[in-house]
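Asker: Dropping the structure in here first, questions after.
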Amino acid sequence: MIKKISFTVALGLASLGALSGQKLLCQEDGNVTEGKKRAEEERATKKTKPRPGPTPGQQRRAASSKCFLTGSWRNELGSEMQIQEVNRDGTFSGEYRTAVSLAQRPIQAAPLNGSQHFDAAGQPTFGLTVNWKSFSDSTTVFTGQCFVDENGKEILETMWLLREKAEAHDGWGATRVGKDVFTRINGQNVDESVRSDGAR
């Protein structure tokens, strides 16, 4: 009798063990599935996660810096321009030396004249005209904005239109459009004595 009870108890325990083992096996499968879901969600989040922006220090530096047009600038093609002091009314003049030309005559420095908008934040918009009369029958107009980036570097982002002399009314064929980004040649901010906002 004792042997029968022991056998029955043993059989019952084995059944319970099998049942509980089955349950645990199911729970483990569920955990694995849940883990896979979580991993997939994390991967998806990483793909769509925005790139980190400028640090608070960089933002403060950019906000406290002003961009001044006065000085020497060079674009990505190697063309250079020198902007003289900006007058109190926003007008300025200077000189432009292009690094690229389709003209048959040798490249020479060309005069430029322009005007800027005075901006309290120090990120002014501006426009300027370059007359290539010294070696070409064409004129270029630039419009853009003076920025200070998150690293404190001054840049001029510009768009331009170049109009060549045409024999007939061919506005589209005689006009080219492009964009240039200029950086200060010395990589330094202009001295306060020649501020482009006309302040002394």
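Nothing in this text is a laboratory measurement; each read-out follows from the coordinates by a stated rule. Predicted, not measured: the structure shown is a model, and the values here were computed from it. Every residue, glycine among them, receives a Cβ derived from its backbone with ideal geometry; neighbour counts consider all protein chains shown.
Asker: What is the local net charge at Gln108, summed over the other residues whose Cβ is closer than 12 Å to its Cβ (Lys, Arg +1; Asp, Glu -1)?
Answerer: My count for the surroundings of Gln108 gives +2.
Asker: If R₀ is 30 angstrom, what is the calculated FRET efficiency for the pair Phe118 and Thr183, using the beta carbon separation as r and rounding to 0.05?
Answerer: Working: r = 22 Å, r/R0 = 0.75.
So, using R0 = 30 Å, E works out to roughly 0.85.
Asker: Further question: Within the range 64-194, how many lysine pairs that are 8 or more places apart, or on different chains, have C-alpha atoms less than 27 Å apart?
Answerer: 6
Asker: Would you mind getting me the FRET efficiency between Asn131 and Asn87? Use the beta-carbon distance for r and R0 = 25 Å, nearest 0.05.
Answerer: Here the calculated transfer efficiency is 0.80.
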